[in-house]
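The next block holds one structure in the form of structure tokens; read it before the comments.
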Amino acid sequence: MWIFKTRDNDDFFIENTSKTKVLGATSRVSNGTGQTSDGKVILEDKSYLGTQSWKKGELDAEDYFTLEMDYFTLENSGVPKVLTAISESSLEISCEIIDHAGYDKLLTGPDDVGGICPRSTYQFFDECCCGGGCCWNSCATSSPPTNCLQGVSNSKWIFNCNLGYYQAFQSKNL
């Protein structure tokens with residue numbers, strides 16, 4: 001049986017009372033961006049309880065909610081992670097698929113913005129880049145620089161769950 005036990009700060013841990021263990025997750029370091037989930041949900045001894053902290057998300061239209069592991073959320077600067085049942089006996093942590101909400105044009109380089117990369121960027125081959133590992137079509141930093149899209153109307157960074165990094169998108173309709 002699983003029970004949610006609330007902590008003082010509204011976080012909680014998830015305990016399996018039949019095995020006297022808590023729900024945890026494995027982690028790895030990726031591309032210098034900090035700690036990220038590799039998708040493995042595990043049972044841990046209660047001695048690890050200090051590192052296991054979950055947050056409950058808002059209810060959606062179907063009365064489901066997401067669970068976020070606190071240290072993943074902090075380390076990934078807003079990259080949403082969700083806990084999903086993939087079978088009767090197995091859970092996985094995965095990236096939450098975000099609706100692009102009208103941001104349908106992937107930005108890559110100067111051809112997407114009138115032929116010249118904006119002043120806050122520089123051209124690297126056919127791409128507009130912001131610095132160390134961050135270009136519009138592939139930004140591997142934990143939090144893309146907001147000034148990198150300065151001067152590009154109706155644009156924003158969106159995390160690509162399948163690729164594992166941010167990409168710059170523009171809305172043609174806003």
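Of all the numbered requirements in (1) modelled with pLDDT of 65 or more; (2) surrounded by 13 or more Cβ atoms within 10 Å (Cβ to Cβ); (3) assigned to a loop (DSSP other than H, G, I, E, B), ALA101 misses one, and that requirement is (2).
Within the option set GLY133, GLY109, GLY57, GLY164, being modelled with pLDDT of 65 or more, farther than 30 Å from LEU43 by Cβ and surrounded by fewer than 18 Cβ atoms within 10 Å (Cβ to Cβ) holds for one residue only, GLY133.
The values are calculated or read from the model by the stated rules, or taken from the named source; none is laboratory data. All values derive from a computational prediction rather than experimental measurement. Glycine gets a Cβ as well: all are built from the backbone with ideal geometry, and neighbour counts include every protein chain shown.
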